[in-house]
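First comes the structure, then the notes that go with it.
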Amino acid sequence: MIIIGGGAAGLCAAIIAGRKGLNVTLLEQNNKVGKKILVSGNGKCNITNRHITPHRFHSQNPDFVEALLDNYGFKAVKAFFHTVGLPLVEGKEGKMFPMSMQASSVVDILLYEAQQAGVKIICNCRAERIEKNGEVFRIETSQGVFSSTKLLIASGSVAAPKLGGSDAGYAFATRMGHSLVARRPSLVQLCSEEQWVKACAGVKIKGHATLFANGETVAQKEGDLLFTNYGISGLAILDLSRQAAHHLAQFDYCELSLDLMPNFSKERLTNLLLQNLHAESNKPLSLWLQGILPKKLIPHILNVSGCKANTEKFLNRKEIGKLVYAIKHLRLSISDTRGFAYAEVAAGGVDTTEIDPVTMASKYVPGLYFAGEILDVDGDRGGFNFHFAWVSAMRAAAAITSDRASSDTSTSA
Ligand SMILES: Cc1cc2nc3c(=O)[nH]c(=O)nc-3n(C[C@H](O)[C@H](O)[C@H](O)COP(=O)(O)OP(=O)(O)OC[C@H]3O[C@@H](n4cnc5c(N)ncnc54)[C@H](O)[C@@H]3O)c2cc1C
């Protein structure tokens, strides 16, 4: 059996198949395996999530995800990591991490277990071309030709090219007769051409963001908002980016409405500001607002609010109403996403209507299997993307090992 790609899916499948006695060769283009795992979860690796449900995954073919996850929820991943000696601990919102809280321990241990299982790992080996002659796949690589009757393509997506993201797998899939669903960056920052955000670069607040496309509400999220010199980032924005990318690709006008104080209703915020008012004070309004808002945001809030008062004593209920509206409905037009270079994952990929969700086998090419992010399945932030990589790999490895008659590999390198 040959596996293209030594990321999450490739390593997991290699360990399972190797342990079952299969002759497994894993080809990885990078100088080491698991580069995305290493940087994941801010170096902690959010391995999976305790609350795995199909609606946390996105695909043009939701039935595929539903069938794949059957019996392959959180417990299956937990059990796999138990077998390699990586107990999991729970963080916020069901996020599961290695007990070490170190992504490097995940890579080190998966690599060790793959080697113990007899997997031949060849790094700096880029698969360049695949052909099938009769029952045998012939894989041309930067280190020679490899052949096998079983091939698992686990080469990931085009996201994060510095970590190994590549479109090679898509080319292999289409060459083998498979179709692709359009790839779009997801879990990615959003760009804006509005100048005021640049002036606010570095400001981070807990807010609420609503995404509009052509004036219609598309999605909303609460969480960190981080203003940057290219636009906006933060966890709430990453969570909205999938839908933003989709609508931007349709050339829809995309805009965010930001509530900078979501914990205060309009009435509560109005009362807070009224209570903070000193009728005779000559304090400039910009300084007065510093009592409640980050300094860098204030010039723009004042500008868009239309508030006529320039010192505290000229504020009245009507002018405060304008400020409250601006604070709770700050508009930001979105021009683009930051692209695959900065995306954590790619939405889209190999069309899953052409893949068996139980075995991960190609419905067109006998002996060909897919696992991981190369497929048209992406998950929410919170461990769902790794979850899909592990469980699709488990399914593929189980299917390949149950049909082990002709899985020898050879090389003419
Ligand atoms: C910064 C960052 C943080 C992330 N954090 C998390 C997180 O905390 N939790 C989570 O669930 N998800 C996270 N993700 C997403 C997660 O990393 C991916 O969904 C997951 O790695 C996909 O696994 P995969 O095995 O399909 O692909 P990958 O892990 O990308 O592995 C594919 C491998 O194939 C190799 N390859 C590609 N083409 C070839 C070729 N032609 N020949 C040989 N080798 C090839 C690549 O070099 C790569 O090593 C994060 C992603 C990024 C970029």
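Where a number appears in this text, it was derived from the coordinates with a stated rule and is not lab data. Note that the structure is a prediction, hence the values are computed from the model and not measured. Quick reminder, even Gly has a Cβ in these numbers, built from the backbone with ideal geometry, and neighbours come from all protein chains shown.
Hey, which lysines would be in cross-link range of LYS328, C-alpha to C-alpha under 19 Å, not counting anything within fewer than 8 residues on its own chain?
Hits, sequence-local ones excluded: LYS204, LYS206, LYS221, LYS266, LYS295, LYS296, LYS308, LYS318.
Hey, how much of the P(r) for region 1-107 falls beyond 24 Å, as a percent of Cα pairs?
Beyond 24 Å sits 31 percent of the P(r) for region 1-107.
Given Cβ point charges of +1 (Lys, Arg) and -1 (Asp, Glu) and nothing else, what value in debye, to the nearest 20, does the dipole of region 247-383 about its Cα centre take?
Dipole size: approximately 1340 debye.
Using a 10 Å cut-off on Cβ atoms, rank the peptides 225-231, 104-110 from the highest mean neighbour count down.
Ranked by mean Cβ neighbours within 10 Å, highest first: 225-231, 104-110.
Taking every pair of Cα atoms in the chain, average 1/r, invert it to obtain the Kirkwood radius, and report Rg/Rh to two decimals.
1.09
Once phi is turned into ³J(HN,Hα) by the Karplus curve 6.51 cos²θ - 1.76 cosθ + 1.60 with θ = phi - 60°, what whole-Hz value does each residue of region 159-169 show in order, with x for glycine and proline?
After applying 6.51 cos²θ - 1.76 cosθ + 1.60, I find 6, 6, x, 5, 9, x, x, 8, 9, 4, x Hz.
Check cross-link reach from LYS36 to the lysines: straight Cα distance under 16 Å, and skip same-chain residues fewer than eight apart.
LYS44, LYS162
Count neighbours as other Cβ atoms within 10 Å of each site's Cβ, and list the chymotrypsin sites (Phe, Trp or Tyr not before Pro) in region 18-105 that are DSSP loop with at most 14 such neighbours.
Sites meeting the loop and neighbour criteria: none at all.
Could you list the residues of region 29-52 with an amide nitrogen less than 19 Å from a label point located 7 Å from the Cα of LYS204 in the Cα-to-C-beta direction?
Answer for this model: 39-46.
Per the helix-only calculation at 222 nm, which mean residue ellipticity applies to the chain, given -39500 (n - 2.57) for every DSSP H run of n ≥ 4 and division by its residues, nearest 500 deg cm²/dmol?
Mean residue ellipticity, 222 nm, calculated: -9500 deg cm²/dmol.
Among SER305, ILE130, SER100, pick out the residue whose Cα is farthest towards the positive end of the charge dipole of the chain, where Lys and Arg carry +1 and Asp and Glu carry -1 on C-beta, about the Cα centre.
So the residue we want is SER305.
By DSSP, what percent of the beta bridges with both residues in the chain are antiparallel, rounded to the nearest 5?
Of all bridge pairs located within the chain, approximately 80 percent are antiparallel.
Looking only at GluC sites (Glu not before Pro) in DSSP loops with at most 12 other Cβ atoms within 10 Å, what is the longest site-free stretch of the chain?
1-134
I need to check one value: relative contact order of the chain, counting alpha carbon pairs closer than 8 Å and at least 6 residues apart, in percent.
25
Could you tell me what fraction of 2.2 N^0.38 Å the Cα radius of gyration of region 189-338 comes to, as a two-decimal ratio?
1.08
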